[in-house]
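Below is one structure, written out as structure tokens; comments come after it.
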Amino acid sequence: MAFDKTNTAIVFVEDGLFNKDGVEALGKKPVIVVKANIDGVEKEISLWFSKDKETGQYKLTSQGNKMLTGKVSDPYQGDGFAQQNATPAPVFEKSDAELPF
């Protein structure tokens with residue numbers, strides 16, 4: 001019997017998440033990446049600690065805990081350098097044998 005992944009999630013935590021130096025070393029990289037299956041559709045949720053743009057300080061809840069903000073997107077698919085809408089390579093009508101030089 002196959003495992004049904006519908007409406008499930010798996011979380012990947014970056015190394016150093018639970019100390020200040022580790023979080024700051026991540027830079028703009030997400031702190032946590034969640035791969036979720038929502039109603040049969042694979043999604044990826046990236047989470048970062050929220051920072052105030054003016055002060056650079058972490059945003060805190062009323063209880064003093066750091067807040068996470070996130071982005072939901074389609075999962076990463078293979079070659080990040082491939083261009084989806086790139087212009088196709090030109091097709092030449094004449095073969096090299098027909099060229100005069």
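The values are calculated or read from the model by the stated rules, or taken from the named source; none is laboratory data. The shown structure was predicted, so the numbers you read here are calculated from the model rather than taken from an experiment. Every residue, glycine among them, receives a Cβ derived from its backbone with ideal geometry; neighbour counts consider all protein chains shown. Only protein heavy atoms, including side chains, enter the accessible area calculation; ligands, DNA and RNA are left aside. Shrake-Rupley method; radii C 1.70, N 1.55, O 1.52, S 1.80 Å.
Could you grab me the full set of residues in the range 62-77 that are over 17 Å from P30 (Cα atoms) and open to solvent by less than 50 Å² (accessible area, probe 1.4 Å)?
G64
Can you pull out the residues in the range 28-51 that are basic (K, R) and open to solvent by less than 90 Å² (accessible area, probe 1.4 Å)?
If the condition is that a residue be basic (K, R) and open to solvent by less than 90 Å² (accessible area, probe 1.4 Å), then K35, K43 are the ones that fit.
Any idea which of (1) under 30 Å from N7 (Cβ atoms); (2) modelled with pLDDT of 85 or more is the one Y76 doesn't satisfy?
Checking Y76 against (1) under 30 Å from N7 (Cβ atoms); (2) modelled with pLDDT of 85 or more, the one that fails is (2).
Of (1) at pLDDT 85 or above; (2) of a type outside the set (V, I, T); (3) surrounded by 10 or more Cβ atoms within 10 Å (Cβ to Cβ), E54 satisfies all except one. Which?
(3)
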